[in-house]
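These notes concern the structure reproduced below.
Just so you know, all these numbers are worked out from the coordinates, no wet-lab data involved. Computed from a predicted model, the values in this text were never measured in an experiment. Cβ: placed from backbone, ideal geometry, glycine included. Neighbour counts: every protein chain shown.
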Amino acid sequence: MRTTTSRRVLDPVARASEILFGLIMVLTFTLSLAATGVGRADVQAVLLGALGCNLAWAIIDAILYLMAARGEHRLAVATIQAIRDAESPAAARAIVADHLPPAVLPALTASDLDRIRLHLSSLPPETLESRFGREDYLAALGVFLLVFVCVFPVVAPFLLTDVTLALRLSNIVAVMMLFLTGFTFGRQVGRPWRTGFLMVAIGMVLVAVAMALGG
């Protein structure tokens, strides 16, 4: 039931997920260099493929984010309208209660729910418009950048040295990025070191699955 003005520009879970997704995409390309034993002449084609793939998926992911945001807005509008059109205050309070987190609901009394009902019922008409807001576009841009920018640190070693050494450096960079992503997320939810190592393990497993299935 949140509105556009309350939307955060990518919460910690979304940021970690997008970075993990971007790293998995580029690692399927860089690790294929080791699997196929290509020479220096083939590196450019593989790197261009990784760049193009991450660019395409960054655009797709940003569009999907906007589609999800649009759906969330429309659901919020429908909920507020349902509260306004409820047959009785009790029915409206029930709708409010259905959309509150289960952990929060026991702490609220009927009068608390009624205050929420009255607040939502008194929102100005423009609140019911399901247009994209500035935060939505910024979040979509954030999704795009997180997925696309992840490619550059991982492929940079291939532009600076031979394939064998570049693969080692690239893998080190990717592992460090996975760990830092998990560590940063862990600082939000607790146990940053454990979350950092867990992110590395999850990332490696997902990359292996993607490569095994031809990704």
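Brief remarks follow.
- Calculated Rg and Dmax of the range 76-212 using C-alpha coordinates, Å: 23.9, 73
- Spatial separation of Cα centroids for the range 15-32 and the range 118-181, in angstrom: 11
- Ordering of 20-32, 144-156 by packing [mean C-beta count within 10 Å, highest first]: 20-32, 144-156
- The calculated FRET efficiency for ALA97 paired with LEU180, based on their beta-carbon distance and R0 = 41 Å, is about 0.50.
- 222 nm mean residue ellipticity, helices alone, for the chain (DSSP H n ≥ 4; -39,500 (n - 2.57); rounded to 500): -26000 deg cm²/dmol
- For the chain, the longest principal axis of the C-alpha atoms and the axis of helix 40-84 are separated by about 0°.
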